[in-house]
Amino acid sequence: MFDSAAYRRALGRFATGVAVVTATAQDGQAIGLTISSFNSVSLDPPLILFSLAKSARSITAMQGAEGFAINILGADQRELSDQFARALCDKWATVEHVIGLVRAPLLAAAIAHFECAPWAQYDGGDHLIFVARVLGFADANGQPLVFFQGAYRTLAEDVRPPQWPLPIHY
Ligand SMILES: Cc1cc2nc3c(=O)[nH]c(=O)nc-3n(C[C@H](O)[C@H](O)[C@H](O)COP(=O)(O)O)c2cc1C
């Protein structure tokens, strides 16, 4: 179809933030994956989306989860991003978190988080598209982690560091 290297390079011109989507599987295990595919969809009702590779180890657990949390990473959380992007390791060792409303882990020091209930799932080729309804959120000042051209970046502007715990709006 396309020259896949050129296609990926062109897609990489779209800068995104970096988030970790988390949930608790039905067997009680914590799940977390680094994503850049987060976006808002609807304000009323408040809906967000993200897409996950069908090949992801956690895909079945995510499909059956009671809810999700989207944790937006700050500029100093590259290691956390890498940790949640690695398959087949204990992603949760040393990760400070609390369990939220829908049993999804909220990561300490995220600059924002959104707690969501499942709304819809759609086929997206080699990915599944998850749409979820936001039940609660919190945010704080802080530099975001940015992903651009296959590499982590930070914004040039200086913003105040985040404070933990974040005040949650339900
Ligand atoms: C910056 C960044 C963004 C990513 N975005 C996505 C994404 O949007 N969807 C996805 O399925 N995987 C994405 N990944 C890859 C997953 O984080 C990675 O495959 C993860 O290990 C899957 O976890 P699992 O196999 O344990 O379920 C991204 C990785 C990085 C580093």
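The values are calculated or read from the model by the stated rules, or taken from the named source; none is laboratory data. Here the structure is a predicted model, which is why all the values come from computation and not from measurement. All Cβ positions, even for glycine, are placed from backbone atoms using ideal geometry, and neighbour counts span all protein chains on display.
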- Test: residue in the range 85-107 that is out of contact with any Asp or Glu (no Cβ under 8 Å at 6 or more places or on another chain), part of a strand (DSSP E or B), among the aromatic types (Phe, Trp, Tyr) and within 15 Å of the ligand (Cβ to nearest atom): no
- Note on the structure: Sole miss for Gln26 among (1) farther than 23 Å from Tyr170 by Cα; (2) in contact with a helix residue (DSSP H, G or I) (Cβ under 8 Å, 6 or more places away or on another chain); (3) within 14 Å of the ligand (Cβ to nearest atom) is condition (3)
- Message: Could you tell me how many of the residues in the range 6-21 are within 28 Å of Glu115 (Cα to Cα) and of a type in the set (Phe, Trp, Tyr)?
- Response: 1
- Within the range 60-86, residues surrounded by 16 or more Cβ atoms within 10 Å (Cβ to Cβ) and among the aliphatic types (A, V, I, L, M) come out as Ala61, Met62, Ala65, Ala69, Ile70, Ile72, Leu73, Ala75, Leu80
- Task: Report whether or not Arg103 is within 15 Å of Gln29 (Cβ to Cβ), basic (Lys, Arg) and at pLDDT 95 or above.
- Result: yes
- Message: If I ask for residues that are loosely packed, with under 15 Cβ neighbours inside 10 Å, part of a strand (DSSP E or B) and in contact (Cβ under 8 Å) with a residue 40 or more places away in the chain, which ones from the range 125-160 would you list?
- Response: Phe148, Arg153, Thr154
- Hits in the range 29-78 - residues which are within 11 Å of the ligand (Cβ to nearest atom) and aromatic (Phe, Trp, Tyr): Phe38, Phe50
- Could you grab me the full set of residues in the range 110-124 that are more than 22 Å from Ala15 (Cβ to Cβ) and in contact (Cβ under 8 Å) with a residue 24 or more places away in the chain? Glu115, Cys116, Ala117, Pro118, Trp119, Gln121
